[in-house]
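Everything on this sheet refers to the single structure shown next.
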Number of protein chains: 4
Amino acid sequence: MEKVKVGILGATGSVGQRFVELLENHPFFEVAALCASEKSVGKAYGDLMKSRWKISSDIPSYAKPMVVTSPEPKETPGLQIVFSGLDASIAGEVETAYAEAGVMVISNSKNHRMVDNVPILSAEVNPEHLAVLDAQLTKGKIITNSNCTIMGVTIALKPLFDQFGIESLMIFSMQAISGAGYPGVPSMDILGNVVPFIGGEEPKAESEPQKCLGHVQDGKIVSADFKMSAHCNRVPVFDGHTVCISVKLKKKASKEEIISLWRNFQAEPQKLSLPSAPPKPIIYREEDDRPQPRLDLYEGKGMGVVVGRLREDPILDWKFVVLSHNTVRGAAGAAVLNAELLYKKGYLRSK
Amino acid sequence: MEKVKVGILGATGSVGQRFVELLENHPFFEVAALCASEKSVGKAYGDLMKSRWKISSDIPSYAKPMVVTSPEPKETPGLQIVFSGLDASIAGEVETAYAEAGVMVISNSKNHRMVDNVPILSAEVNPEHLAVLDAQLTKGKIITNSNCTIMGVTIALKPLFDQFGIESLMIFSMQAISGAGYPGVPSMDILGNVVPFIGGEEPKAESEPQKCLGHVQDGKIVSADFKMSAHCNRVPVFDGHTVCISVKLKKKASKEEIISLWRNFQAEPQKLSLPSAPPKPIIYREEDDRPQPRLDLYEGKGMGVVVGRLREDPILDWKFVVLSHNTVRGAAGAAVLNAELLYKKGYLRSK
Amino acid sequence: MEKVKVGILGATGSVGQRFVELLENHPFFEVAALCASEKSVGKAYGDLMKSRWKISSDIPSYAKPMVVTSPEPKETPGLQIVFSGLDASIAGEVETAYAEAGVMVISNSKNHRMVDNVPILSAEVNPEHLAVLDAQLTKGKIITNSNCTIMGVTIALKPLFDQFGIESLMIFSMQAISGAGYPGVPSMDILGNVVPFIGGEEPKAESEPQKCLGHVQDGKIVSADFKMSAHCNRVPVFDGHTVCISVKLKKKASKEEIISLWRNFQAEPQKLSLPSAPPKPIIYREEDDRPQPRLDLYEGKGMGVVVGRLREDPILDWKFVVLSHNTVRGAAGAAVLNAELLYKKGYLRSK
Amino acid sequence: MEKVKVGILGATGSVGQRFVELLENHPFFEVAALCASEKSVGKAYGDLMKSRWKISSDIPSYAKPMVVTSPEPKETPGLQIVFSGLDASIAGEVETAYAEAGVMVISNSKNHRMVDNVPILSAEVNPEHLAVLDAQLTKGKIITNSNCTIMGVTIALKPLFDQFGIESLMIFSMQAISGAGYPGVPSMDILGNVVPFIGGEEPKAESEPQKCLGHVQDGKIVSADFKMSAHCNRVPVFDGHTVCISVKLKKKASKEEIISLWRNFQAEPQKLSLPSAPPKPIIYREEDDRPQPRLDLYEGKGMGVVVGRLREDPILDWKFVVLSHNTVRGAAGAAVLNAELLYKKGYLRSK
């Protein structure tokens, strides 16, 4: 069976590199275009990236000879999907152009996230949000990822939200430097230091979870109505966002019920055996001092969300800690999983 | 005028080293005894500490020739004060022995903190708690410091508590490795990592602030009645605990009022011009990304508490960030300031 | 075909954990005993290691139910090989006891390294050193690894030594914290710091390379006769020793010859297709700023030695940089490779 | 007595900030101009630097209200000295313009360093090199600092060079991130990593020491003739370059002689009691594991060079470790000390 031809927009950036890595030998998809800005166009990806490849494994051999092209539909014919790791300054326009050209856009950028007929799709959390795609007027459709911190948080909350409802949610993040891309955070700012601020992060963190956990009504996504507060911090960790959470539920829950819900959580990607789906989306660890980025980051090949330290909260109801890999589960890996879901659900057949 | 003779218990440990440093050339106090465990007794402090001194300045010259003694009252005659940086495993007994021998004990250990006639003294926050000392039956009295994280937090909260009252308080800490002493945290556990757990820390963090901000009644300290929740984390920072705080106040406050209270806060140590008192106990910074350990740790020679990022909290009322130096303001420096307060208030004259 | 039964001595330590990981599903070997000190004996490895497992992947499932035994031959019958990650304080005696009991001992400890009929075996460098085993009087034999820094260095030097000879060798190491085991280096000593000293390291670094590159004569290993100088430093890197090298060769070499020798280097493990052998033992990278631990550590699954920056040295002849994974290529992985070599060469058949 | 009016070129950069800090309340100098690039001109330094000030103390109050000007002689009348922390891309031209306008230029940039009538001045090493200034044709003169790594190295070598002569010198550096300025090294490149390469550093490191230790002949500086090899590495340390050194001397020396020379070393700045001169330019520590950036960086207020681990080298004669503060002793502090030397020696009187 022929594979679906896909392109990577922003292929030289941090998220783009992860796409190049994760799509190597993919059973459904074949990378047919690597797109980047004008100054990279025309160069072989392998040469271009020699000193810019920041993942601790070599550049996949399929990508090395590929010649970088411009992120324009007419320059990249034949694609059914583009994965976008574009900078927000240009993502809006470029992604819209691809959607108009009939290409399915799977985006990591924030530009279209809060549009009410664009899903912030998380394959384990809200596959039913795909229903709003019909309301998008373009021939191709745009699907977004949430912010990298929020992805793991909403997966951990999903079974609690379904069973008990959420009244209010407070999150405190300790986010890895890779979340800021490359060159990103200067070492003089973060070595042996923490920075209790990440530009633009808290507004996203305080609005995206409600949309992710919302429901579809009249072709639009209606956000869930819980209150949220976020404290976002940068810490000297390479990969892996650790989030402390306090939550007030609508119904009474016991510790055993919550842990059991997490441990038994299975969703659409697991039921469909999607290639990138981790066998267990949520792993609960009982040790006092877990999860930790050092030890738990690669659960489920970076697609598992690791939870620990569930205990009662004296103000809200419960508190716990959530860790997820910000550039895999929180970005490129989640996008690939979303594309796999679309593939299996038949959203790509029309081509 | 003759100086008051003081001893340092646990003089070889992390907090003990800070005492040795901070008491050099002190206008009121003269270090007359350095006490440590049996295997150090009889050795010159300078020789003993050659490879164990972990502060980035040399061992003070007064301390180098001093011979280490055992932490027993009969071995250290003539002291009016002992500063204790003892391990909790022995602090209870040793400190009690000194109090019974008529020595004023200024302790960093947790052992006596929650006894209702032992103040958790913070010179800027609750000097009136000294009134309970009379209720201690020993000839000498025991005065404690709060936990190193709580010290900065309660100073930042003090003016808000007095003006508006506190209904509930949620804190998320990112604590430095020096808080665990030496050898303390293994580098394999914390380099490029965060650990969302510190043994025994959260129970202290959830009970000491209420006692610090409590009032004296019938010779006992009655804790304030607000609810508290703490998430305590270890991060790869050398010195300086950064705490994100969300707080619900009893009365309505404006942003301007709060900042003005912080900026104008002056307390007993400032009024008495105590030698270790910072000119401003609280420094509010307006930049988005402050406070940070790297940049703000040594405000007021490590005795200033730096606050930033005041903004509305969608769940509780306000959120902000507090930074303080955990081994200076949060431990040895606060203890020295407490001793200076006792000196100026006449608590040492009896000798 | 039945697998060879092996035991791991010091199974709870840093190197021991790597053995447990690397021997999972091994084609030749089956772990039949996990040995550790008295206080661990009788406990299931999985329970015991819950909070002590420091590798970023879970404890292999085969090991979890295994009950830890004492490192004594009579407690661990039926073993043909023991892999030793024991502390030097006890390794000498325990390893000798196993050799006397007829077990092949593959050791990471320094105790027997400099005995002239005990090879410091490096499968790519000196497989012919196995000839001295006959001179060991015990029924089982003892084979050692070199120091973790020296392993990668000697592999990189091997083709140059064979072709051009070595006159003198100067090495400057920047060694990872995992080389000191756990708890090992206190974080207060190394976070944001470098320590230009590692206890006992330089004497080993200045004598083992000559023995590794030596030859067998009359049943003994005669060390090569070049002069060596080592500067050993600890740096805040988790895994991966980076070594800057300056070398004077006996014969004139060109840059092209040297790089070509590295790139084409193949040795016994590659010829025998040993399971742990990397396809290329030496990888030469042409970028100015490589090798780096972050990017190059897992070449050949941690068994590749990555070399870069070859340039003329104004004092000696050439200088370059060598990186190897200290707990894989420099310890457990090298030991497993040595055992595979013994297996294929027929040294284990006697049993 | 009126102070000498000085300007700081590149006042917003890393070295520029150190100048602003070190020149606060200087007994000889008064900062009369802060110069920076066009986009900063006309703004108050305090406002401009609010989020760019990277030193862990506040912006000096004298500098806050100063309005930034353009680095052009006509815009900054009345200056006798300019301290230049300019980027090499513009330093050459701007510094020459100031020299032509009659201003003494004290530069940290590399542009004029290797000109034979421009001294690489190090006040403790080669004050006699000032004799070549007469050979500069401009009315003002240009004086440079060496590279930040070389400064500490040449001070440590100076007494050995004078007493025994140097035959060959091998250095291996572990350099702090602040040496690359701000934003400088991306955190993704250095956190938990080392990079065995610093662009352009080794050629400077292999030629400047010989010039620093050279002699004046016919109005020119003639470099010393020893051979040098440098391996330069970047490590995750904030401030402080640590250098391992192996050296071959021309005459035989004993360990005691060398240590005694270091401990007794006094030079022109000490004899003249220059304000920035450390009491001891070289501090030798006997502990095995020193010097370390964490513990030894601020010896002599950052102007002391700390040396340790002297031992015999099996290839060259001696090896040891040198630490110096790269932005103080290795840059701004050394420049200020040079200016103080000029002042005391009468080089500024002409104005």
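Below 17 Å Cα-Cα, how many Lys pairs turn up in segment D:223-319? Only count pairs eight or more apart in sequence, or on different chains, if you could.
11
How do C:213-222, D:173-182 rank on mean C-beta neighbours within 10 Å, highest first?
By packing density, highest mean first, the sequence is D:173-182, C:213-222.
How high is the relative contact order of chain A, in percent, counting Cα pairs under 8 Å that sit 6 or more residues apart?
It comes to 17 percent, rounded to a whole number.
For n ≥ 4 DSSP H runs only, could you compute -39500 (n - 2.57) per run for the protein assembly as shown, divide by its residues and tell me the 222 nm figure to the nearest 500?
-6500 deg cm²/dmol
In a shell of Cβ-Cβ distance under 10 Å around A:LYS227, excluding A:LYS227 itself, what net charge do Lys and Arg (+1) and Asp and Glu (-1) give?
-3
Which distances, in nm and shortest first, link the D:ARG263 label point to the same label point in every other copy, taking 7 Å along Cα→Cβ?
5.5, 5.5, 6.6
Quick one: dipole size for segment D:202-264, taken about the Cα centre, charges +1 on Lys/Arg Cβ and -1 on Asp/Glu Cβ, in debye to the nearest 20.
240 debye
Is there a simple number for the mean count of other chain Cβ atoms within 10 Å of the Cβ of residues in A:43-53, and what is it?
Shielding by partners across A:43-53 averages 1.
Would you work out if segment C:79-225 is rounded, prolate or oblate? Take a ≥ b ≥ c from the square roots of the eigenvalues of the alpha-carbon gyration tensor; rounded if a/c is under 1.5, else prolate when a/b is larger than b/c, oblate otherwise.
Oblate.
For B:LYS64, list the lysines whose Cα falls under 17 Å from its own Cα; do not include residues on the same chain fewer than 8 positions away.
Straight-line reach from B:LYS64, under 17 Å: B:LYS43, B:LYS50, B:LYS54.
Shortest first and in nm to one decimal, what separations exist between B:PRO203 and its copies in the other chains, measuring from label points 7 Å along the Cα-to-beta-carbon line?
Inter-copy label distances (nm, one decimal, shortest first): 4.4, 4.8, 6.5.
What do you get for GluC sites (Glu not before Pro) in segment D:229-334 restricted to DSSP loop and a cutoff of at most 15 other Cβ within 10 Å of the site's Cβ?
Filter output for segment D:229-334: D:GLU286, D:GLU287.
For chain C, what D do you get in µm² per second when you plug the Kirkwood radius from alpha-carbon pairs into Stokes-Einstein at 10 °C and 1.306 mPa s?
For the chosen part, D equals 78 µm²/s.
For A:MET114, what accessible surface area do you get with a 1.4 Å probe? Give it in Å², rounded to 10.
Here the residue's solvent-accessible area equals roughly 100 Å².
Provide the FRET efficiency to the nearest 0.05 for the A:LYS139-B:GLU312 pair, computing r from the beta carbons and using R0 = 41 Å.
In this case the efficiency is close to 0.40.
Between copies, how far does the label point of A:LEU137 sit from its twins, in nm, shortest first, when each point is 7 Å from Cα along Cα→Cβ?
7.3, 8.6, 9.5
Output the 0 to 90 degree angle, nearest 10, between the alpha-carbon long axis of helix C:148-164 and the longest principal axis computed from the alpha carbons of chain C.
Tilt of helix C:148-164: around 50 degrees.
What residues qualify as long-range amide H neighbours of C:HIS231, i.e. H under 5 Å apart, gap of 5 or more or another chain, H built at 1.01 Å from N?
C:ILE171, C:PHE172, C:SER173
Would you mind telling me the antiparallel percentage of the DSSP bridges in the protein assembly as shown, rounded to 5?
45 percent
Taking every DSSP beta bridge with both residues inside segment D:149-325, roughly what % is antiparallel (nearest 5)?
Within segment D:149-325, antiparallel bridges account for around 65 percent of the total.
Over all residues in A:230-242, what is the mean tally of Cβ atoms on other chains that come within 10 Å of each residue's Cβ?
Other-chain Cβ atoms within 10 Å of each residue's Cβ, averaged: 6.
List the trypsin sites (Lys or Arg not before Pro) within segment C:234-326 that fall in a DSSP loop (any state other than H, G, I, E or B) and whose Cβ has at most 15 other Cβ atoms within 10 Å.
When the trypsin sites (Lys or Arg not before Pro) of segment C:234-326 are filtered for loop state and at most 15 Cβ neighbours within 10 Å, C:LYS250, C:LYS251, C:LYS252 remain.
Once a ≥ b ≥ c are taken as the square roots of the eigenvalues of the Cα gyration tensor of the protein assembly as shown, is the result rounded (a/c under 1.5), prolate (a/b larger than b/c) or oblate (a/b not larger than b/c)?
rounded
Can you tell me how segment A:1-118 classifies by the Cα gyration tensor, rounded, prolate or oblate, using a/c under 1.5 as the rounded cut?
prolate
Go through A:GLU208, C:GLU206, B:GLU93 and list them by solvent-accessible area, largest first, probe radius 1.4 Å.
B:GLU93, C:GLU206, A:GLU208
List the residues of segment B:154-188 whose backbone N lies under 14 Å from a point placed 7 Å from the Cα of B:SER89 along the Cα-to-Cβ direction.
Zone members listed by number: B:182-184.
Give me a single rounded figure for C:193-204: the average over its residues of other chain Cβ atoms within 10 Å of their Cβ.
6
Can you put A:ASP47, D:ASP116 in order of accessible area, largest first, using a 1.4 Å probe?
A:ASP47, D:ASP116
If you rotate chain D onto chain C, whose Cβ in D ends up lying nearest the axis, and how many Å away is it?
Of all Cβ atoms in chain D, the one nearest the axis gives D:PHE172, 2.
Order these peptides, C:10-17, D:183-190, by their mean beta-carbon neighbour count within 10 angstrom, highest first.
C:10-17, D:183-190
The values are calculated or read from the model by the stated rules, or taken from the named source; none is laboratory data. Here the structure is a predicted model, which means the values were calculated and not measured. For neighbour counting, all protein chains shown are included, and Cβ atoms are generated from backbone atoms with ideal geometry for every residue, glycine included. For accessibility, only protein heavy atoms count, side chains too; no ligands or nucleic acids. Shrake-Rupley method; radii C 1.70, N 1.55, O 1.52, S 1.80 Å.
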